[in-house]
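Just so it is clear, none of the values below were taken in a lab; they were calculated from the coordinates. The model shown is predicted, which means the values in this text are computed figures rather than measured ones. A quick note on method: Cβ atoms are made from the backbone with ideal geometry, for glycine too, and the neighbour counts reach across all protein chains shown.
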Amino acid sequence: MKKSIAYLSFSLLLLSSLLLSSCKNKTGRPTEQEPTADTRIEWQETLWDFGEIKEGETVTHTFHFKNTGTENLLIKRIETGCGCTTTEYDPKPVPPGEKGKIEIAFNSEGRYGRQYKEIRIFANILGEEVSLHFSANVKP
């Protein structure tokens, strides 16, 4: 019984190390999809207020960023809090020192009063997630 447990433990350890090693490329460095200490993103702003808008109006804003790291920045995906918000961005990697943008559109149809929305960006940065926010006061 002890030999079975020892064999199982060894097998799990071996499998874990094989899985971890498969996450690296042939140079031993993390692949482009993985977060690295050398991939950083700097935002011009992370909060935008559309102010007062009319119900049914669609408003847009562009969030600008810069890759301040030494590795390519890759946005993996973007999630919005509801179907009232859409995003557009270039999925190509952003080289170090280069700038990028995420364009958002908020459709206020069927919304009233103060609106606070969050947009979550998943990228190959430490922490893997950044949140952008916007607000609007929707009047009838």
Report summary line: For region 48-88, listing GluC sites (Glu not before Pro) in a DSSP loop whose Cβ sees at most 16 other Cβ atoms within 10 Å gives GLU55, GLU57
Query raised in the report: Taking a ≥ b ≥ c as the square roots of the eigenvalues of the Cα gyration tensor of region 89-131, is the shape rounded (a/c under 1.5), prolate (a/b larger than b/c) or oblate?
Result: prolate
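So, counting K/R as plus one and D/E as minus one, what does the shell of residues with Cβ under 11 Å around PHE134 add up to?
Numbers: positive: LYS117; negative: GLU45, ASP49, GLU118.
Here the count lands on -2.
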Requested in this report: Can you pull the one-decimal nm distance between simple spin-label points at THR80 and GLU52, each 7 Å off the Cα toward Cβ?
Outcome: 2.5 nm
Report task. Determine the alpha carbon to alpha carbon distance for each of LYS76/LYS139; LYS54/LYS117; LYS92/LYS117 and list only those over 28 Å. Result -> LYS76/LYS139
Query raised in the report: LYS66: which aspartates and glutamates have alpha carbons under 12 Å from its alpha carbon, excluding same-chain residues fewer than 8 sequence positions away?
Result: GLU42, GLU45, GLU98
Report task. In whole angstrom, note down how far apart the Cα centers of region 61-95 and region 106-126 are. Result -> 14 Å
